[in-house]
Amino acid sequence: MFHRILFFGWAILVVWNASRIVTIPFQEIPHIDKLLHMIFYIPGGYTAFLFIRSFGVKSYSLAFLISSCIAVLDEFIQSLTPHRDPNIFDIFADLIGIILGLFLVRLKENLSVTRK
């Protein structure tokens, strides 16, 4: 149950953040927004997998698909928000973050298996 709450909390935070104007720190650094997108989606991939697994299904691809849909929804909401613009490269950064989150889950599982 806890993993479901974490995942939905992250997803709600994404949708809420997409619907408002955000000031990015260190805007003078080139592509800092892409780095922030990637970092923000690492927990998305991680918690999406835990969410899926809480139903007894162990599927990295399904976790990737669900997280990717949220990334696309994020950009769609931005397209409807005044003074915000969707960006395909933001989705690519999101996908990299999702993959990193899933990699961390896989790494954690492999480490726990080798310890037993």
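Any read-out appearing in this document is the output of simple, stated calculations on the displayed coordinates, not a laboratory observation. These numbers were taken from a predicted model, which means no experiment stands behind them. A quick note on method: Cβ atoms are made from the backbone with ideal geometry, for glycine too, and the neighbour counts reach across all protein chains shown.
Model label points for F55 and T23, set 7 angstrom from Cα along the Cα-to-Cβ axis, are 4.1 nm apart. Of (1) 28, 16, 11; (2) 40, 20, 10; (3) 19, 17, 13, which one was derived for semi-axes √(5λ) of the Cα gyration tensor in Å from the structure shown? Answer label, from the structure shown: (1). Simple spin-label model, 7 Å along Cα-to-Cβ: F76 to L62 in nm? Going by the 7 Å Cα→Cβ label model, 2.1 nm. Cα centroid distance between the stretch 92-116 and the stretch 18-48, in Å? Their Cα centres are 19 Å away from one another.
Only the Cβ atoms of Lys and Arg (+1) and of Asp and Glu (-1) were treated as charged; on that basis the dipole of the stretch 55-114 about its Cα centre amounts to roughly 320 debye.
May I ask which residue of I66, H31, P82 lies farthest towards the positive end of the charge dipole of the stretch 14-116, with charges of +1 (Lys, Arg) and -1 (Asp, Glu) on Cβ and the Cα centre as origin? Positive-end residue among those listed: I66. Applying 0.36 nm per residue to the separation of I12 and F103 and subtracting their alpha-carbon distance, the gain on full extension is 30.5 nm.
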